[in-house]
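Working notes, beginning with the structure itself.
The values are calculated or read from the model by the stated rules, or taken from the named source; none is laboratory data. Remember, predicted model here, so these are calculated numbers, not experimental data. Cβ: placed from backbone, ideal geometry, glycine included. Neighbour counts: every protein chain shown.
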Amino acid sequence: MVLVTMYPAKDGSPETTTTALLSDSDVVVYVAELSCFPAIGAEEGNECTLWNDTTFETCLYTAKSVASGAGTLTIVRSGAVHSSTSGGGIEWPVGTKIARTYTAYDHNAAKSNIESIDGRVTTAEGDITSLDGRLDTAESTLSTAVSDISSIDGRVTTLENTAGTDPVMAALIYG
């Protein structure tokens with residue numbers, strides 16, 4: 001199973017504010033301070049949450065215009081990361097709080113990944129137990145073969161040491 005993408009957090013979840021109206025369908029949000037949001041790495045995005053006292057919207061952002069200072073985030077308002085009070089995009093006024101916060105997506109991704117890894121470990125433990133049993137069988141078979149070889153070697157030595165005995169007769173006597 002493929003693990004769910006997990007996005008880097010931002011220590012302390014510093015918040016900033018929007019600097020322009022964000023309509024319910026806009027995909028670019030203007031913010032006062034972009035250093036509040038982690039850089040985009042191998043995950044090819046990260047999360048941002050807009051909120052007020054009664055409403056929230058979490059979006060995936062896929063681009064930052066600059067590392068710090070005023071600028072823009074390019075956001076995705078659908079898909080696995082997106083969630084909101086209304087279930088869709090929400091219009092947000094200038095001055096709306098926005099930050100990289102811990103979200104339900106973060107929690108669910110971590111939970112899903114832990115469960116997936118736990119399942120893989122359980123499967124690996126079963127495979128190891130099976131291999132251990134097969135190794136025990138191989139060791140037992142090898143031990144029997146060594147014993148058989150030792151017995152044959154002893155019989156050959158006995159035949160070699162039997163002076164004056166006809167080899168055919170010795171074979172019949174000693175097997």
Quiz item: Would a scan of the range 137-151 turn up a residue that is over 38 Å from the mean Cα position of the chain (by Cα), at pLDDT 85 or above, in a loop (DSSP other than H, G, I, E, B) and among the β-branched types (Val, Ile, Thr)?
Solution: no
Quiz item: Which residue pairs have Cβ atoms under 9 Å apart, sit 6 or more places apart or on different chains, and have a first residue in the range 1-17 that is over 22 Å from Asn52 (Cβ atoms) and in contact (Cβ under 8 Å) with a residue 12 or more places away in the chain and a second that is of a type in the set (Gly, Ala, Ser) and in a loop (DSSP other than H, G, I, E, B)?
Solution: Val4/Ala80; Thr5/Gly45; Thr5/Ala80; Tyr7/Gly41; Tyr7/Gly45; Pro8/Ala39; Pro8/Gly41
Exercise. List the number of the failed condition for Tyr7; all other conditions in (1) part of a strand (DSSP E or B); (2) of a type in the set (Ser, Thr, Tyr); (3) within 30 Å of Gly119 (Cα to Cα) hold.
Key: (1)
Quiz item: Which residues, taken from the range 27-44, are more than 12 Å from Arg100 (Cα to Cα) and touching a residue at least 40 places away in the same chain (Cβ under 8 Å)?
Solution: Val27, Val28, Val29, Tyr30, Val31
Self-check item: Residue among Gly95, Gly119 that alone is surrounded by 10 or more Cβ atoms within 10 Å (Cβ to Cβ) and either in a loop (DSSP other than H, G, I, E, B) or touching a strand residue (DSSP E or B) at 6+ places or on another chain (Cβ under 8 Å) (or both)
Solution: Gly95
Exercise. Can you confirm whether the range 18-41 contains a residue that is over 16 Å from Leu73 (Cα atoms) and touching a Phe, Trp or Tyr at 6+ places or on another chain (Cβ under 9 Å)?
Key: no
Quiz item: For the range 71-92, what are the residues that are assigned to a loop (DSSP other than H, G, I, E, B), farther than 12 Å from Trp51 by Cα and in contact with a Phe, Trp or Tyr (Cβ under 6 Å, 6 or more places away or on another chain)?
Solution: Val81
Exercise. State which residue is farthest from Val81 (Cα to Cα) when the search covers only the range 21-56 and only residues that are surrounded by fewer than 15 Cβ atoms within 10 Å (Cβ to Cβ) and aliphatic (A, V, I, L, M).
Key: Leu21
Self-check item: Within the range 13-25, tally of residues that are over 15 Å from Thr96 (Cα atoms) and over 25 Å from the mean Cα position of the chain (by Cα)
Solution: 1
Quiz item: How about the range 99-116: which of its residues are basic (Lys, Arg) and outside any helix (DSSP H, G or I)?
Solution: Arg100
Exercise. Could you list all residues from the range 64-92 that are within 22 Å of the chain's Cα centre (by Cα) and surrounded by fewer than 13 Cβ atoms within 10 Å (Cβ to Cβ)?
Key: Gly79, Ala80
Quiz item: When the range 10-42 is examined, which residues are found to be among the β-branched types (Val, Ile, Thr) and assigned to a loop (DSSP other than H, G, I, E, B)?
Solution: Thr19, Val27, Ile40
Quiz item: Given Ser86, Ser116, which one is modelled with pLDDT of 90 or more, among the polar types (S, T, N, Q) and within 24 Å of Leu22 (Cα to Cα)?
Solution: Ser86
